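A.B. asks: Can you keep this structure in mind? I'll have questions shortly.
The values are calculated or read from the model by the stated rules, or taken from the named source; none is laboratory data. Quick caveat, the model's predicted, so the values are computed rather than measured. Neighbour counts run over all protein chains shown; Cβ positions are idealised from the backbone, glycine included. We work out accessible area using only protein heavy atoms, side chains counted, and drop any ligands, DNA or RNA first. Shrake-Rupley method; radii C 1.70, N 1.55, O 1.52, S 1.80 Å.
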Amino acid sequence: MSSTQKYRGFRLPRKQYITERIIRGLLFGSGILSIFVTISIVVILVLESSKFFGYEDVSLIKFLTDTQWTPLFADKHFGIMPLLVGTLMVAFIALLVALPLGLLSAIYLSEYAKRNVRSFLKPLLEILAGIPTVVYGYFALVTVTPFLQKLIPGLGVFNALSAGMVMGIMILPMVSSLSEDAIRVVPQSLRNASTALGATKFETTTKVVVPASLSGIVSAFILAASRAIGETMIVAIAAGMNPTLTFSPFNSVETMTAYIVQVSLGDTPVGTLEYQSLFAVGMALFVMTLFFNLISHLVVKRYREVYQ
Amino acid sequence: MSSLNISSRENQELFPGKPTRSLGENNSTIERSHRYGTIFKWVAVGAASIAVAVLAVLLFDIFTDGAGRVNWEFFQNYPSRHPEGAGIKSALYGSIWVIVFTVIISLPLGIGAAFYLEEFAPKNRLTEIININIANLAAVPSIVYGILGLALFVRAFSLGRSVLAGAFTMGLLILPIIIIASREAIRGVPSSVREASMGLGATKWQTVRHHVFPQAFPGILTGTILALSRAVGETAPLIMIGALTFVPFVPGNIESLSDVLSDPLALITFAPFDGFTVLPIQIFNWVSRPEAAFHVAAAAAIVVLLAILLSMNALAIFLRYRFEKKGPQNR
């Protein structure tokens, strides 16, 4: 009789027992890896930004309140405000495009479209989602901006408007597919009940279906905002690298992500103040997107309508 | 009911000059809401078609700009200061190298994590934290992964700006996507399969290896291909860790099969630690230049990149289609 050992309530031969334990350990290792990834991201950002804030001309308060961002000039200012405003403005324009179009597309796909139209449109939206952002950047700079320049005289080659609009197209598939998922789980009985009370399809859609799926839709919107804030290549190509504090979408701006790209493209030596500023901006970006992601997660968790 | 169905125009004819009231008002409300309904429907149709229209314009534009530039020399030439002679050789080879290593790194880890979470993980606090964490990682901006790769792989592990550092960064970037897609596929395997296997005395691992994994495999493959197509197009993290300045060589100087045969060791000892560039970075480089001729080269490189991505997507859709046809219980 070979020795046996208990594993999850079963007696197994020793060899099998060892195999089970090793495999389980390996799989657990890959499962837990994601936590290590998160921890290393946070540790790196905190460590490296603390070096940044350790410089004598830099302080957290100045970082948050100064209205100038001139790290590559002789007269250095490190106020994240221009980058933040640039980021939020481009993201806002993107959301102006993506939210209505995405929501309406989702409603059309789930409530109105015939089966064959749907099976044709969905893959097309997936293609739109699969296009690399550098291609969208090219599209913004080479196609959209010249077109906008015809409509708006005096519009610069690099501007927030063009980048934002194209970014809106980029996040549209995400908005529509997440919203559609939310709309789809609204049970048919709610639609039937509404129709039976004499509501038209329009009334059923806008007054019953959309409100019932609102938590999912809102969460999709927030995730889209987070994606827009973190998007890099479109803004690096089409929005310019001009960190001035402006609220006009016709101006060239610089976003946080574009600044990070700018620094890593240049020959900034490791360990200098400019180099460390990259991590501080990255930290601000990470904190912002994490905040949005958590809110989106909470919205779904807190307000999800549970249907039987 | 039939009296309610008098439209307001009929009402007007019956009582000329009289404003429509009570019943009539009711009618016009219904009519108005039907009119709104129709308008709304067409607005929704319009919104959905804008996406399609933009896609069409984008593809048309890029193909008219760049397709003529795609020829054999374009694949054979290194990038150059002269836009006419510039090619994508180093970028194409670099992309292939990075993707191959990304697969090697992320696939076992991603599938392993998915199996752990679906089949082995106890329902406790730690598992829940891992779950939330993976969802969050999937939504972390890709450039943050670039920062991670720069600090961790390029500097801490001193891999330098190498293929391997790029592949590790990309591997971590697509790990959450692979995990989420694989879990989806594993969940699709009916529990009766597991119960039958366990009932016959198989251990958990035997059940997973011989029954769950083969059945979930097509779904895992589909998800992985989609995740990889994301990695192929991803630019920002590699800009952070890779060198963008022009790269006039291919990793390990391995250009053909004969190079591999004459020095097979270079495949693992030299090439992974070599500098590199990838297609999206080459595109970014060309787009950022003011000369229009470089924009044409960029469009041509985009044509190549999109061709690669669309064929990967087509493969994934084809696999999903075959998978769905196999059995309804697998959904």
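A.B. asks: As a test of reading the structure, rank A:279, B:323 by solvent-accessible area (1.4 Å probe, protein chains only), most first.
C.D. replies: Per-residue accessible area, sorted high to low, gives B:323, A:279.
A.B. asks: Then there's this: Summing -39500 (n - 2.57) over the DSSP H runs of n ≥ 4 in chain A and dividing by its residue number, what mean residue ellipticity at 222 nm do you reach, to the nearest 500 deg cm²/dmol?
C.D. replies: -22000 deg cm²/dmol
A.B. asks: Taking only complete DSSP H runs, can you tell me which helices of chain A stretch 20 Å or more along their own long axis by Cα positions and average at least 0.0 on the Kyte-Doolittle scale?
C.D. replies: A:14-54, A:81-107, A:115-130, A:160-184, A:214-230, A:273-303
A.B. asks: Specify the inter-centroid distance of the stretch A:156-205 and the stretch A:94-120, based on alpha-carbon positions, in whole Å.
C.D. replies: 6
A.B. asks: Kindly point out which whole DSSP H helices in chain B project their C-alpha atoms 24 angstrom or further along the helix axis while averaging a Kyte-Doolittle hydropathy of -1.0 or above.
C.D. replies: Helices meeting the span and hydropathy rule in chain B are B:22-66, B:89-115, B:163-187, B:213-233, B:292-326.
A.B. asks: In whole angstrom, note down how far apart the Cα centers of the stretch B:74-100 and the stretch B:182-249 are.
C.D. replies: 30
A.B. asks: So, for the stretch B:71-209, what is the accessible surface per residue at a probe of 1.4 Å, expressed in square angstrom?
C.D. replies: 40
A.B. asks: Tell me, how many Å apart are the Cα centres for the stretch A:65-84 and for the stretch A:260-300?
C.D. replies: When both Cα centres are located, 15 Å separates them.
A.B. asks: Here is a follow-up. Filter A:150/B:89; A:114/A:207; A:114/B:123; A:150/A:201; A:122/B:89; A:122/A:201 down to the pairs with a C-alpha to C-alpha distance above 31 Å, please.
C.D. replies: With Cα atoms farther than 31 Å apart: A:150/B:89; A:114/B:123; A:150/A:201; A:122/B:89.
A.B. asks: What whole-number value in cubic angstrom gives the convex hull volume per residue for the C-alpha atoms of the stretch A:128-256?
C.D. replies: 130
A.B. asks: Can you figure out the FRET efficiency of residue B:60 with residue A:39, using R₀ = 35 Å and their beta-carbon distance, to the nearest 0.05?
C.D. replies: 0.15
A.B. asks: State, in square angstrom and to the nearest 100, the accessible area buried between chains A and B, both chains counted, probe radius 1.4 Å.
C.D. replies: It comes to approximately 6700 Å² buried between A and B.
A.B. asks: Do any residues of the stretch B:142-174 lose at least 50 Å² of accessible area when the full set of protein chains is present rather than just their chain alone, and if so which, with a 1.4 Å probe?
C.D. replies: The answer is B:143, B:144, B:147, B:148, B:155 - residues whose exposure falls by at least 50 Å² when every protein chain is included.
A.B. asks: Using the scaling law 2.2 N^0.38 Å as the reference, what is the normalised Cα Rg of the protein assembly as shown?
C.D. replies: 1.08
A.B. asks: On the protein heavy atoms, probe 1.4 angstrom, tell me the percent of accessible surface of the protein assembly as shown carried by carbon and sulfur.
C.D. replies: About 65 percent, which is the carbon plus sulfur part of the accessible surface.
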